[in-house]
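Participant: What follows is a single structure, and I will ask about it in a moment.
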Amino acid sequence: QVQLVESGGGLMQAGGSLRLSCAASGRSASYYSMGWIRQAPGKEREFVAVISRTGLYTVYADSVKGRFTISRDNAKNTVYLQMNSLRPEDTAVYYCAADTSMVVAATEYDYWGQGTQVTVSS
């Protein structure tokens, strides 16, 4: 199995940028496709982005396409989410998640980090 720890969340004004990191330990991160899932207060978990084991393939939710970029550095066992042009509706707890499959459903990941809060002010 793999353990995941997110970092990089915080408060940002609309239009700003944040870079989230997810550090993996235990099982090699390269064994898993890695996704970012978010959950806003009172809402269901929402798929944000996923990247394949080698980093060759990525999928983004329509709501973040063109603004967010997922990437990974398997040598560092780390996955990133670069978030640009942030909007207040991006406010949520962001979770790093891992699975052996390239999945886009928010509920289908096998492993989860603890989450990091992202707050975007108007």
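The values are calculated or read from the model by the stated rules, or taken from the named source; none is laboratory data. Predicted model, so just to flag it, every value in this text is computed and none were measured. Glycine gets a Cβ as well: all are built from the backbone with ideal geometry, and neighbour counts include every protein chain shown. SASA here: full protein model, heavy atoms, side chains in, ligands and nucleic acids out. Shrake-Rupley method; radii C 1.70, N 1.55, O 1.52, S 1.80 Å.
Participant: Taking the stretch 9-29, which residues are touching a helix residue (DSSP H, G or I) at 6+ places or on another chain (Cβ under 9 Å) and surrounded by fewer than 16 Cβ atoms within 10 Å (Cβ to Cβ)?
Facilitator: ALA14, SER28
Participant: From the list ARG45, ARG72, ARG53, which residue is more than 19 Å from VAL118 (Cβ to Cβ), more than 10 Å from the chain's Cα centre (by Cα) and either among the β-branched types (Val, Ile, Thr) or open to solvent by 80 Å² or more (accessible area, probe 1.4 Å) (or both)? Reasoning before the result, please.
Facilitator: Working: ARG45 fails: more than 19 Å from VAL118 (Cβ to Cβ); ARG72 fails: either among the β-branched types (Val, Ile, Thr) or open to solvent by 80 Å² or more (accessible area, probe 1.4 Å) (or both).
From the options ARG45, ARG72, ARG53, the qualifying one is ARG53.
Participant: Continuing with this model, one more query. Show the residue pairs meeting these rules: Cβ distance below 6 Å; 6+ apart or different chains; first residue within the stretch 110-122 and among the aromatic types (Phe, Trp, Tyr); second residue in a strand (DSSP E or B).
Facilitator: Note: pairs meeting the criteria are TYR111/VAL2; TYR111/ALA98; TRP112/TYR95; TRP112/ALA97.
Participant: So, one more: Which pairs do you get when a residue that is more than 18 Å from ARG67 (Cα to Cα), found in the stretch 21-48, comes within reach of a residue that is polar (S, T, N, Q) and open to solvent by less than 30 Å² (accessible area, probe 1.4 Å), reach meaning Cβ atoms under 8 angstrom, with the pair 6+ apart or on two chains?
Facilitator: CYS22/THR78; ALA23/THR78; ALA24/THR78; ALA29/THR78; SER33/SER52
Participant: Output the number of residues of the stretch 57-97 satisfying the condition of being within 21 Å of GLN3 (Cα to Cα) and part of a loop (DSSP other than H, G, I, E, B).
Facilitator: Qualifying residue count, the stretch 57-97: 1.
Participant: Let me ask something else about it. Residues of the stretch 31-42 being within 28 Å of ASP62 (Cβ to Cβ) and of a type in the set (Ser, Thr, Tyr), which ones? Break it down stepwise before answering.
Facilitator: Within the stretch 31-42, the first condition is being within 28 Å of ASP62 (Cβ to Cβ), and the residues that meet it are 32-42.
Selection gives TYR32, SER33.
Participant: Suppose the filter is free of Cβ contacts under 8 Å to residues at least 12 places away in the same chain and surrounded by fewer than 22 Cβ atoms within 10 Å (Cβ to Cβ); does ASP99 pass it? I'd like the intermediate steps shown before the answer.
Facilitator: Numbers: free of Cβ contacts under 8 Å to residues at least 12 places away in the same chain: no; surrounded by fewer than 22 Cβ atoms within 10 Å (Cβ to Cβ): yes.
Spelling it out, it is not the case that ASP99 is free of Cβ contacts under 8 Å to residues at least 12 places away in the same chain and surrounded by fewer than 22 Cβ atoms within 10 Å (Cβ to Cβ).
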